[in-house]
Amino acid sequence: MPPKKKATATKKKTTKVVKKTTKKAPAKKTVAKAKPAAKKAVSPKKRAVKTPQSLRGMRDLLPKDAQLWKNMFHTAENIAESYGFARLQTPLVEEAGLFVKSIGKGTDIVDKEMYLFEFEGLKLALQPEMTAVTVRSFINHGMHVDPQPVKMWYWSPMYRHDRPQAGRYRQFYQFGAEVFGEKSPVMDAEVISTAYHYIKDLGIDAQVKINSIGTLEDRQNYLVELVGYLRSKRSYLSEESKKRINKNPLRILDSKDEGDRMVIEDAPQIIDWLSEDSKNYFMKIIEYLDELEIPYVLDPTLVRGLDYYTDTVFEIFYETPDEENKMKELALGGGGRYDGLVEMLGGQPTDGCGFSVGVDRVALVLKQKMHEEGPGEPEKCVYIAHLGDQANRRALRIIEDLRKGGIQVKHNLAKASLKGQLEQASKFGCSHTFILGQKEVQDGTIIVRDMDSGSQETIDQKKIGKEITKILS
Ligand code: AMP
């Protein structure tokens, strides 16, 4: 048997040599050439692979901001649920027609900003907003037979192909809420209050701008007057606004162009075209806002430019300095009443009202505030460190038991060095590290190290949960 083995080994060797020789003859040169070739293969130049980048205007929300986003989400969830809204989650892709029908042609969103594509013969869009989607869902699921009002909230990414800049992204998140099936000024006030208090609960002092654009009929009469006026001032308007006179004249009232603003100042105001009912309805909302002590500004030029709004429109804004330190308004959210929208999309006539808040902009303001005011109290934490194999396994169990008991700890079980783990605990800002060594595993104890003073005490492993709760509280 052994000679056989030897023969195989020799055979293998021979094959190898033959292989090499056949590949790169003459043999001497091959060896000399083969080495640099192998080096070349790992040279950075050859290996340089172009890493795909995230798309312009779209960004990653990084772990370093996770706590901020978690707070914003939980605050949204708490406030929406305390006002009686239940969460609606829908797909990000819809039939494009849903938005064209509801938001309307002549708006920036529909004319320029939608991400459109065709798939299996369907014209599809990534959702640019969610009011229309909520209405679609309300109709599709026959919610008009549910106890009214139906109150839904959402938190979802939106997609608009706009020019990216600070606070304007092509994928951004909105928190919003919609109420269906009840028309009463108190509902409008409640919707405004939910949006306002969401922002306020996060520590931002924002203001509400509010206006009424009346019923569709009020608006038709007003538009005749407005278009007449704008035509008479055409030469003073920006090119963009000139184009809008026929397409979407109301949108001109939103223009930030200085020349346009001068024309708008003297433009007829929609409030003078409101029916008595719409005027009274609006006044009632204002009374509720006074009652709720929500700061507001009456803004006769606020129209929100989408086809579906009726009566109430509002925006929530925050004053912040721009690059030249001039104060500018940053719109954090907006909304209004849309009594005809459910019917417009094929449902039973149902009144509706809602808001959406741009969460990325809220995050921007919160970060700016953190920068100005300092980071505040760091989150308290403790670290579990281990030394040795047995301790590693016991630590894994302890961490799992703590998690089941609702206690979170920092740790890195893959790190073997105790020094490295203690350094990591300091980096996290943990006030205490619980250290488990071979001896502690055997004794059923654990060392608790105060990271500031360096003092240590030993406690029973059964008391870990209690001790951590005491430290974290
Ligand atoms: P809108 O209904 O268009 O007024 O949007 C409601 C809120 O969403 C705005 O007040 C902004 O805070 C936010 N928002 C709208 N467009 C964008 C965008 N492109 N990027 C980030 N936030 C946006």
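The values are calculated or read from the model by the stated rules, or taken from the named source; none is laboratory data. From a predicted model like this one, the values you see are computed outputs, not experimental measurements. Reconstructed Cβ throughout: ideal geometry from the backbone, glycine too, with neighbour counts over all protein chains shown.
Of note:
- Count of residues meeting criterion [farther than 15 Å from Asp351 by Cα and without any contact (Cβ under 8 Å) to a residue 24 or more places away in the chain] in region 115-152: 8
- Residue selection: Leu341 satisfies the criterion of being within 16 Å of the ligand (Cβ to nearest atom), closer than 21 Å to Met158 by Cα and surrounded by 15 or more Cβ atoms within 10 Å (Cβ to Cβ).
- Of all the criteria given as (1) in contact (Cβ under 8 Å) with a residue 24 or more places away in the chain; (2) more than 22 Å from the chain's Cα centre (by Cα); (3) farther than 15 Å from Glu343 by Cα; (4) surrounded by fewer than 21 Cβ atoms within 10 Å (Cβ to Cβ), the one not satisfied by Thr90 is (2).
- If you go through region 364-398 and pick out every residue that is in contact (Cβ under 8 Å) with a residue 40 or more places away in the chain and either of a type in the set (Phe, Trp, Tyr) or not in a helix (DSSP H, G or I) (or both), you end up with 11.
- Scanning region 237-255 for residues that are aliphatic (A, V, I, L, M) and touching a residue at least 40 places away in the same chain (Cβ under 8 Å) yields Leu250, Leu253.
- Tabulated pairs, region 161-180, first over 16 Å from Ile79 (Cβ atoms), second basic (Lys, Arg) and more than 9 Å from the ligand (Cβ to nearest atom), C-beta under 8 angstrom, 6+ apart or interchain: His161/Lys112; Asp162/Lys112; Pro164/Arg56; Tyr169/Arg59; Arg170/Arg56; Gln171/Arg59; Phe180/Lys151
- Filter pass, Ser473 being of a type in the set (Ser, Thr, Tyr) and either at positive phi or modelled with pLDDT of 95 or more (or both): no
- Qualifying position, being touching a Leu at 6+ places or on another chain (Cβ under 9 Å), of a type outside the set (Phe, Trp, Tyr) and at positive phi, among Gly336, Gly347, Gly358: Gly336
- Filter result for Thr350 (more than 15 Å from the ligand (Cβ to nearest atom) and among the polar types (S, T, N, Q)): yes
- Test: residue in region 233-244 that is under 27 Å from Gly354 (Cβ atoms) and either surrounded by 14 or more Cβ atoms within 10 Å (Cβ to Cβ) or out of contact with any Pro (no Cβ under 6 Å at 6 or more places or on another chain) (or both): yes
- Only one of Thr350, Thr320, Thr312 that is of a type in the set (Ser, Thr, Tyr) and assigned to a loop (DSSP other than H, G, I, E, B): Thr350
- Criterion: within 23 Å of the chain's Cα centre (by Cα), within 14 Å of the ligand (Cβ to nearest atom) and assigned to a loop (DSSP other than H, G, I, E, B) - qualifying residue of Arg361, Arg304: Arg304
- Wholly enclosed strands (runs of 3 or more DSSP E) of region 119-187 bearing at least 1 residues within 12 Å of the ligand (Cβ to nearest atom) and either surrounded by 21 or more Cβ atoms within 10 Å (Cβ to Cβ) or within 18 Å of the chain's Cα centre (by Cα) (or both): 150-159, 171-180
- Test: residue in region 95-103 that is among the hydroxyl-bearing types (Ser, Thr, Tyr) and within 21 Å of the chain's Cα centre (by Cα): no
- Verdict on Ile204 being part of a helix (DSSP H, G or I), at pLDDT 90 or above and either in contact with a helix residue (DSSP H, G or I) (Cβ under 6 Å, 6 or more places away or on another chain) or within 20 Å of Gly354 (Cα to Cα) (or both): no
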